[in-house]
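Participant: Attaching a single structure in structure tokens format; questions to follow.
The values are calculated or read from the model by the stated rules, or taken from the named source; none is laboratory data. In this text the structure is predicted, and so the values were computed from the model without any measurement. Note that each Cβ is placed from the backbone with ideal geometry, even for glycine, and that neighbours are counted across all protein chains shown.
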Amino acid sequence: MMRKRPLKVALLGCGVVGSEVARIMTTHADDLAARIGAPVELAGVAVRRPSKVREGIDPALVTTDATALVKRGDIDVVVEVIGGIEPARTLITTAFEHGASVVSANKALLAQDGEALHALAEDKDRDLYYEAAVAGAIPLIRPLRESLAGDKVNRVLGIVNGTTNFILDKMDSTGAGYQEALDEATALGYAEADPTADVEGFDAAAKAAILAGIAFHTRVRLDDVYREGMTEVTAADFASAKRMGCTIKLLAICERAADGGSVTARVHPAMIPLSHPLASVRGAYNAVFVESDAAGQLMFYGPGAGGAPTASAVLGDLVAVCRNKLSGATGPGDSAYTQLPVSPMGEVVTRYHISLDVADKPGVLAQVATVFAEHGVSIDTVRQQGRQDGGGEASLVVVTHRASDASLGGTVEALRNLDTVRGVASIMRVEGE
């Protein structure tokens, strides 16, 4: 028989995502109650601007005192969708201390302080769920920590930021430059007025930290993730990628070392073959490719942002947490038993695409090849083309075999010191092969 007392939910934030959470809770109230086994009631909504009209939300529920709301002893679940570090961190810890479990979409906070939050949740016997923190509506965190709990995940490779994927896809499909594609993304609402968090890889890096920690059962913080933005990607890079049968994506890559003794987490633009499933991910969509021992290769695909998609993930967590409340249990918590070290970027091994501006004269290629050999970086292919505008310069494109990032860095530094090398135009990693 359905429990009579409703489970009370406090909503922190009522922007694009929060308003959708409130709407779905109201319009799907009967279905949610049937799935949970008890009604769920929106007991309060904390906002910064109480005077704003919020359709479908009782003004009596709106408050600017988020602290008082989470301290109420009758709140069962706090849904945090305000983002940022503070006051979100303090509000979540206060919620745990006053009897509530938490559902969050806060990737930045979880990447920075997930360990401490999980520890407090466990100490207080509360749930901390955050499916919406990574890849919007795509079920990803729960499959990693529950469905694949009996497997060994070796690699997570994904497009986890819709803004950057839209920009790069537009550059690829139309030949647009970076700024032109960014302007279109902004006009369509895919990019914020300040797109730094997206285009410089901060957003994706936070998600990579979360994914790596769950996939490899170890501690991975935001500071452990190597990050490189995509603002320097050019139309010339896409032209080179097409000649190789590739495209360019901003990727989050989390890997376990072959010997199992360490992990790496990184975010950067990379060329991937057109035959790879991630190459066909278009527009503002996200996709994550998971490789494990038993399950093999899995791909998760869907909208990675937006009010309704993200709210869908929040509500999924809300249902799970409410069910746990009714049963007197908690769901899976933090699993970091391996305590694997995070290796520096210099130890990452992959292939590279290097574009050089060089003097157009005999012997240059031999000099360049010698530098690669001296640093232990093997060359796969070379393409040299004279400049149409003359000037005694040529473009030299080198694609390497697999080498460490440190070896490649030493190679590039030595190349810059050659008199015949006018400049290093582009360095791009080649992944997914």
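Participant: Within the stretch 236-248, is there a residue that is under 17 Å from the mean Cα position of the chain (by Cα) and closer than 18 Å to D172 by Cβ?
Facilitator: Yes, because at least one residue in the stretch 236-248 is under 17 Å from the mean Cα position of the chain (by Cα) and closer than 18 Å to D172 by Cβ.
Participant: When only residues in the stretch 41-71 that are in a helix (DSSP H, G or I) and under 24 Å from F96 (Cα atoms) count, which is modelled with the lowest pLDDT? Lay out the reasoning, then the answer.
Facilitator: In the first step, residues of the stretch 41-71 are kept if they are in a helix (DSSP H, G or I); the result is 59-61, 66-71.
Now drop any that are not under 24 Å from F96 (Cα atoms), which leaves 61, 66-71.
Values: L61: 95, A66: 98, T67: 98, A68: 98, L69: 98, V70: 98, K71: 98.
Among those residues, the one meeting the criterion is L61.
Participant: Only one of A149, A197, A193 is in a loop (DSSP other than H, G, I, E, B), in contact with a helix residue (DSSP H, G or I) (Cβ under 9 Å, 6 or more places away or on another chain) and surrounded by fewer than 18 Cβ atoms within 10 Å (Cβ to Cβ). Can you tell me which?
Facilitator: Answer to the check: A193.
Participant: I've got another one for you. If you take the residues in the stretch 258-288 that are modelled with pLDDT under 95 and of a type in the set (A, V, I, L, M, F, W, C), which one is farthest from S343 (Cα to Cα)?
Facilitator: Among those that are modelled with pLDDT under 95 and of a type in the set (A, V, I, L, M, F, W, C), it is A284.
Participant: Search the stretch 1-56 for residues being among the β-branched types (V, I, T) and touching a residue at least 40 places away in the same chain (Cβ under 8 Å), and hand back the single one that is nearest to Y190 (Cα to Cα).
Facilitator: Filtering first and then ranking leaves V16.
Participant: Next question. Quick check on I253: is it assigned to a strand (DSSP E or B), in contact with a helix residue (DSSP H, G or I) (Cβ under 8 Å, 6 or more places away or on another chain), over 24 Å from A105 (Cα atoms) and not assigned by TED's automatic domain parsing to the domain that holds V21?
Facilitator: Taking the combined requirement at face value, the residue does not satisfy it.
Participant: Still on this structure: From (1) in a loop (DSSP other than H, G, I, E, B); (2) over 29 Å from D334 (Cβ atoms), pick out the condition that doesn't hold for A38.
Facilitator: Evaluating A38 over (1) in a loop (DSSP other than H, G, I, E, B); (2) over 29 Å from D334 (Cβ atoms) leaves (2) as the failure.
Participant: Could you figure out which of (1) closer than 30 Å to D259 by Cα; (2) modelled with pLDDT under 95 isn't true of G346?
Facilitator: Of the numbered conditions (1) closer than 30 Å to D259 by Cα; (2) modelled with pLDDT under 95, the odd one out for G346 is (2).
Participant: When both residues are 6+ apart or on different chains and their Cβ atoms are under 7 Å apart, which pairs have a first residue that lies in the stretch 107-127 and is more than 17 Å from E97 (Cα to Cα) and not assigned by TED's automatic domain parsing to the domain that holds F202, and a second that is of a type in the set (K, R) and part of a loop (DSSP other than H, G, I, E, B)?
Facilitator: A111/R221; Q112/R221
Participant: Among the residues of the stretch 261-306, what is the count of those that are in contact with a Ser or Thr (Cβ under 7 Å, 6 or more places away or on another chain) and over 18 Å from L168 (Cβ atoms)?
Facilitator: Residues in the stretch 261-306 being in contact with a Ser or Thr (Cβ under 7 Å, 6 or more places away or on another chain) and over 18 Å from L168 (Cβ atoms): 3 in total.
Participant: Which of the residues spanning the stretch 72-93 are over 21 Å from A22 (Cβ atoms) and either in a helix (DSSP H, G or I) or outside the structural domain of V16 (by TED's automatic domain parsing) (or both)?
Facilitator: Result: R89, T90, T93.
Participant: So is L250 in contact with a Ser or Thr (Cβ under 8 Å, 6 or more places away or on another chain), modelled with pLDDT of 95 or more and surrounded by fewer than 17 Cβ atoms within 10 Å (Cβ to Cβ) or not?
Facilitator: no
Participant: Can you find, within the stretch 400-421, the residue that is farthest from M230 (Cα to Cα) among those that are among the charged types (D, E, K, R) and surrounded by fewer than 17 Cβ atoms within 10 Å (Cβ to Cβ)?
Facilitator: Taking the candidates together, the pick is D419.
Participant: Of all residues in the stretch 94-107, count the ones that are buried (at least 22 other Cβ atoms within 10 Å of the Cβ) and in a helix (DSSP H, G or I).
Facilitator: Looking only at that region, the number is 3.
Participant: Ok, one more. Considering only the stretch 191-218, state which residues are over 28 Å from E146 (Cα atoms), at pLDDT 95 or above and aliphatic (A, V, I, L, M).
Facilitator: Correct list: A197, V199.
Participant: Can you give me the number of residues within the stretch 110-137 that are farther than 21 Å from D76 by Cβ and surrounded by fewer than 24 Cβ atoms within 10 Å (Cβ to Cβ)?
Facilitator: Looking only at that region, the number is 6.
Participant: Hey, I138 hits all of (1) in contact with a Lys or Arg (Cβ under 6 Å, 6 or more places away or on another chain); (2) part of a loop (DSSP other than H, G, I, E, B) but one; which does it fall short on?
Facilitator: For I138, the exception is condition (1).
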